[in-house]
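Undergrad: Below is one structure. I have some questions about it.
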Amino acid sequence: MADSNTDAVPEQPTGPSKSELKKRAKAAEKERKAAEKAAKQAEIAQQQAANEVDYSTEFYGVLPLHQSQSRPRRERSQISTLSSRDGETILIRARVQTSRAKSSKLLFLNLRQRTHSVQAVLMVDPERISKQM
């Protein structure tokens with residue numbers, strides 16, 4: 001006699017489970033958000049590059065060696081005598097000891113000449129000094 005209580009094999013689901021579908025949807029959403037964020041960052045960087053026109057490239061970079069070919073005979077002041085020349089426009093020759101950027105438009109320089117030093121401030125000026133410089 002044939003047994004009427006045969007073990008029926010339950011049917012296997014043909015597609016992925018609900019949790020698998022949720023995982024896939026979450027991963028797709030995460031990838032979409034990452035792509036949107038990358039596109040937005042690229043657009044912002046492109047806009048910033050377009051806004052920052054460097055109008056002072058002729059003042060820095062690879063320049064020809066000076067070699068004292070011209071001597072304009074302009075008077076250069078010593079840093080040690082600056083306290084007596086308050087309010088005057090002067091010309092000095094010194095080396096930059098340190099430089100500190102305090103913001104995107106303000107830079108402090110410590111200029112040194114032998115044993116004397118002085119602090120100078122460099123600010124972005126739309127006509128002469130660009131932010132990149």
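Undergrad: Would you check if residue 12 is closer than 30 Å to residue 125 by Cα and either open to solvent by 80 Å² or more (accessible area, probe 1.4 Å) or modelled with pLDDT of 75 or more (or both)?
TA: Working: closer than 30 Å to residue 125 by Cα: no; either open to solvent by 80 Å² or more (accessible area, probe 1.4 Å) or modelled with pLDDT of 75 or more (or both): yes.
No.
Undergrad: Just to be sure I understand, how many residues within region 69-98 are modelled with pLDDT of 90 or more and open to solvent by 100 Å² or more (accessible area, probe 1.4 Å)?
TA: Qualifying residue count, region 69-98: 1.
Undergrad: Next up: Select from region 16-53 the residues that are in a helix (DSSP H, G or I), under 30 Å from residue 128 (Cβ atoms) and of a type in the set (A, V, I, L, M, F, W, C) and list them in ascending order.
TA: Selection gives 44, 45, 49, 50.
Undergrad: Only one of 57, 81, 89 is polar (S, T, N, Q) and more than 26 Å from residue 124 (Cβ to Cβ); which?
TA: Checking each option against the conditions leaves just 81.
The values are calculated or read from the model by the stated rules, or taken from the named source; none is laboratory data. Only a predicted model underlies this, so the values are computations on that prediction, with no experimental measurement involved. Positions of Cβ are backbone-derived with ideal geometry, glycine not excepted, and every protein chain shown enters the neighbour counts. Side chains are part of the model used for accessible areas, which takes the heavy atoms of the whole protein and leaves out ligands, DNA and RNA. Shrake-Rupley method; radii C 1.70, N 1.55, O 1.52, S 1.80 Å.
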